[in-house]
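Notes for the one structure printed next.
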Amino acid sequence: MRKNILIALFVFGMIFSLQAQAPQQQQMKLEDVQKALNLVDKPQPVPEKYKAGFDAITANDSLAMLTYIASDSMEGRETGTHGYAMAAEYAASLLKMWGVKPAGDMPSFGGGRGGARGGAPAANPPARTYFQEFGLKTVTDVQTSVTIEVNKSGAQKSRTFQGGVDFTAGMGGAGSETITAPVVFVGYGLTEPTIQWDELKGLNLKGKIVLVLTEAPGRDDPKSPFNSKKEIKDKYFPAAPTGDQMMVAMRGGGPQRFNKIAELQKLGPAAIIQVANNGTDAAIFRQLSNPRRVNDERPVVNKPRVRMSVAGDTQTPMGQGGGTTLTITREMANLLLESTGKTINDLKKQIETTTKPASVPLDAHMTIATTAKTALVRGINVLGIVEGSDPTLKNEYFVVGGHYDHLGKWEDYIYNGADDNGSGSVGVLNIAEAIAANPVKPKRSIIFGLWCGEEEGLLGSRYYVQNPTFPIDKTVGYLNFDMISRPYDETTIARARTRYNVPGAEELVKKIRTPWFVTLSWTEGTTLADISREMNKYVGLDLALQGNALGVGSGGSDHASFASVKKPFVYYMAAMTTDYHQTSDSVEKISGELIAKISQHGYLTIFAFADK
Ligand SMILES: [Zn+2]
């Protein structure tokens with residue numbers, strides 16, 4: 001997520017009001033807290049079976065690897081750059097050194113990397129490489145203009161507006177494109193059967209441009225049907241996130257959210273045009289004219305936005321070219337509505353007072369012209385494998401992964417990404433070394449994956465689950481590391497304590513040791529949580545376990561790709577700090593001990609799970 005703070009807050013504020021609703025987190029019960037918290041301050045000696053691998057993981061090695069991976073020479077490991085490719089070569093050489101086998105592509109003759117190069121086909125089938133390579137499309141310099149044509153009492157009128165001046169453009173398509181379509185006004189664009197509310201009834205939005213108000217009608221009117229029930233109110237008028245809730249939400253984390261835009265996109269519109277439920281154009285222009293308040297403590301890095309998608313991928317909105325979303329002013333909305341003789345505020349008032357929809361196709365056309373520069377860069381996932389010990393079960397796989405990429409550099413600034421996610425990458429490498437060093441191997445095979453493109457939308461891990469180098473239907477689970485090196489402190493732990501501080505749990509919560517507090521999200525209906533608790537006896541972390549239903553992978557990291565193909569996962573994360581996505585996320589702030597302990601816990605957990 002590379003946005004500057006102010007525009008991010010503005011866009012975020014808009015999107016948040018549109019996405020509506022973070023269901024209030026239910027107060028936990030005492031037994032839930034007792035099940036969630038697993039606090040071990042005196043670890044026991046690790047069983048002999050796992051010992052050699054366990055002892056191979058050290059704080060010193062973790063820090064040594066991270067110092068290289070997060071060094072300025074790696075230039076912030078942005079996907080598709082030289083810095084990332086150098087880091088990938090480094091990881092491949094470590095895996096080779098530890099005897100971890102390549103698990104990437106079969107080299108194609110005439111130029112495979114990390115293996116055979118050019119010349120005639122070899123006698124034996126060539127070995128795999130450590131790289132899974134694929135084409136990524138980048139989109140930069142996106143410029144958008146909009147032309148509105150209205151027909152009023154027979155007179156044809158058209159006006160053109162500029163992105164960044166008259167409106168803001170959202171994520172948009174996969175490059176230069178022009179969309180022309182008739183416009184339909186859908187009010188708030190909501191369908192809520194529980195209150196017999198349907199603003200889309202009888203409308204075919206396919207290929208149309210949809211004009212929609214943000215939020216829901218009657219925010220401050222207790223008589224509004226959207227204030228009639230707590231769950232409806234929480235859904236459409238959520239409390240704005242505070243402090244680190246905002247940070248978690250900006251990572252795509254936090255409770256699952258209803259997303260109005262995503263719901264409308266399912267109906268196949270050519271584009272979605274939103275106008276703020278409340279607010280004035282003056283407020284929008286003030287924001288657009290004064291894009292950024294600098295924080296003197298923080299360098300302003302004007303890194304141009306680069307959007308990326310897997311070349312040829314038709315799964316994602318960007319890949320499909322659709323998904324254009326604009327936020328417009330009331331001035332533009334009123335021009336579109338001219339044929340109705342009403343303004344957007346008139347229609348808003350009508351919907352709120354009559355509590356009835358006012359959706360209507362408009363006698364207006366809109367043309368959205370987007371120009372952009374596109375290019376192709378090389379995506380590289382680094383992949384290694386340690387074969388299982390059981391003649392049959394070795395054909396089943398457990399994947400251990402984390403993203404290797406980060407935000408790159410701009411002018412003199414480098415986003416070293418030591419915590420995000422240099423630390424998680426070191427965690428993956430630690431477990432690879434441990435499994436390779438341990439004489440006893442788990443029955444099933446273990447695949448190690450360092451993904452690219454996470455910062456651009458989980459591109460590398462999504463590519464892997466769609467193009468696995470080992471059968472995904474034989475894949476039994478996934479472990480994800482993302483940001484495992486910054487210990488909690490009194491500030492960051494405060495929220496966690498509040499969450500668990502229910503009547504009767506006071507003593508237990510008091511025992512939480514901030515430096516060793518780690519959240520572990522896991523997939524319910526599996527033995528992963530029991531195994532994690534069992535193995536923590538030998539490690540001594542203060543674990544907070546959070547269950548997810550199979551297929552649900554909230555939290556905005558690569559486990560979501562595996563959850564999307566219904567694979568159970570465990571996902572480790574330490575503290576979220578204010579260095580998140582800043583140039584200040586550097587190695588001197590890292591705890592090598594924390595990386596090592598979390599890696600040891602992950603090693604034992606996946607070993608036991610893959611050995612069942
Ligand atoms: Zn990350």
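Modelled spin-label separation between Arg219 and Thr180, with each label point placed 7 Å from Cα along the Cα-to-Cβ direction: 3.7 nm.
At a 1.4 Å probe radius, which order do Glu48, Glu78, Glu231, Glu338 fall into by accessible area, largest first? If you can, show how the numbers build up before the last one.
Working: Glu48 140, Glu78 20, Glu231 120, Glu338 50 Å².
Output order, biggest surface exposure first: Glu48, Glu231, Glu338, Glu78.
About its Cα centre, the dipole of the chain is roughly 1000 debye, where the only charges are +1 on Lys and Arg Cβ and -1 on Asp and Glu Cβ. The trypsin sites (Lys or Arg not before Pro) of the stretch 345-419 include none that meets both criteria, a DSSP state outside H, G, I, E and B (loop) and at most 13 other C-beta atoms within 10 angstrom of the site's C-beta. Carbon-plus-sulfur accessible fraction, the stretch 136-374 (probe radius 1.4 Å, protein heavy atoms only): 53%.
If you line up the long axis of helix 592-610 against the longest principal axis of the chain, both from Cα atoms, how many degrees apart are they, to the nearest 10? It is inclined by approximately 80 degrees.
Projecting the Cα atoms of Ser93, Ile351, Asn501 onto the charge dipole of the chain, computed from C-beta unit charges around the Cα centre, puts Ile351 farthest toward the positive end.
Can you give me the Cα centroid spacing of the stretch 131-200 and the stretch 559-606 in angstrom? Spelled out, the Cα-based centre of one part sits 37 Å from the other. Between the helical axis of 424-437 and the longest alpha-carbon principal axis of the chain there is an angle of about 30 degrees.
Of the residues Val184, Leu337, Phe258, the one whose Cα sits farthest towards the positive end of the charge dipole of the stretch 136-374 is Phe258 (charges of +1 on Lys and Arg Cβ, -1 on Asp and Glu Cβ, taken about the Cα centre). Summing Lys and Arg as +1 and Asp and Glu as -1 over all other residues whose Cβ lies under 15 Å from the Cβ of Gly154 gives a net charge of -1. Mean silhouette area of the chain, derived from the convex hull of its C-alpha atoms and averaged over all directions, reads 30.0 nm². Mean residue ellipticity, 222 nm, helices only, the chain: the sum of -39500 (n - 2.57) across DSSP H runs of n ≥ 4, divided by residue count and rounded to 500, is -8500 deg cm²/dmol.
Cα centroid separation, the stretch 41-63 to the stretch 344-375: 60 Å.
Sorting the segments 325-337, 522-534 by their residues' average number of neighbouring beta-carbon atoms within 10 angstrom, most packed first, yields 325-337, 522-534. For a 29 Å ceiling on Cα separation, which of these pairs sit above it: Lys510/Lys612; Lys511/Lys612; Lys230/Lys566; Lys233/Lys511; Lys409/Lys589? In this structure, Lys510/Lys612; Lys511/Lys612; Lys230/Lys566; Lys233/Lys511 exceed 29 Å between Cα atoms. If I take R0 = 35 Å and measure r between the Cβ atoms of Asp296 and Thr354 in this structure, what FRET efficiency does the formula 1/(1 + (r/R0)^6) give, to the nearest 0.05? That pair, Asp296 with Thr354, gives E of 0.10.
A cut-off of 5 Å between modelled amide H atoms, ignoring neighbours fewer than 5 places along the same chain, links Leu550 with Glu524. On a per residue basis, the convex hull of the C-alpha atoms belonging to the stretch 385-523 measures out at 170 Å³.
Here the simple spin-label model places points 7 Å from the Cα toward Cβ, and for Asp390 and Glu490 these points are separated by 5.0 nm. Protection proxy ranking for 361-372, 419-430, using the average of other Cβ atoms within 10 Å per residue and placing the highest first: 419-430, 361-372. Looking at the chain alone, DSSP beta bridges between its own residues are antiparallel in about 60 percent of cases. Average accessible surface for the chain: 42 Å² per residue, computed with a 1.4 Å probe over protein heavy atoms with every protein chain in place. For the pair Ala262 and Lys511, a Förster radius of 56 Å applied to the C-beta separation gives a FRET efficiency near 0.85, rounded to the nearest 0.05. When the Karplus curve 6.51 cos²θ - 1.76 cosθ + 1.60 is applied with θ = phi - 60°, which whole-Hz ³J(HN,Hα) does each residue of the stretch 48-59 get, with x for Gly and Pro? Values per residue, Gly and Pro as x: 3, 3, 9, 4, 4, x, 4, 6, 6, 8, 10, 5 Hz. Of the GluC sites (Glu not before Pro) found in the stretch 403-497, those in coil by DSSP whose Cβ has at most 10 other Cβ atoms within 10 Å are Glu411. Sequence-ordered 3J(HN,Hα) estimates for the stretch 369-384 from the Karplus curve with 6.51, -1.76 and 1.60 and θ = phi - 60° stand at 10, 10, 10, 7, 9, 10, 8, 10, 10, 8, x, 9, 9, 8, 9, x Hz, glycine and proline given as x. The angle separating the long axis of helix 5-19 from the principal Cα axis of greatest extent in the chain is about 70 degrees.
Relative contact order, whole percent, for the stretch 136-374 stands at 43, derived from Cα pairs under 8 Å and 6 or more residues apart.
The values are calculated or read from the model by the stated rules, or taken from the named source; none is laboratory data. Note that the coordinates shown come from a computational prediction; the quantities given were computed from them, not determined experimentally. Virtual Cβ from ideal backbone geometry, glycine too; neighbours counted across all protein chains shown. Heads up: the accessible areas ignore ligands, DNA and RNA and are worked out on the full protein's heavy atoms, side chains in. Shrake-Rupley method; radii C 1.70, N 1.55, O 1.52, S 1.80 Å.
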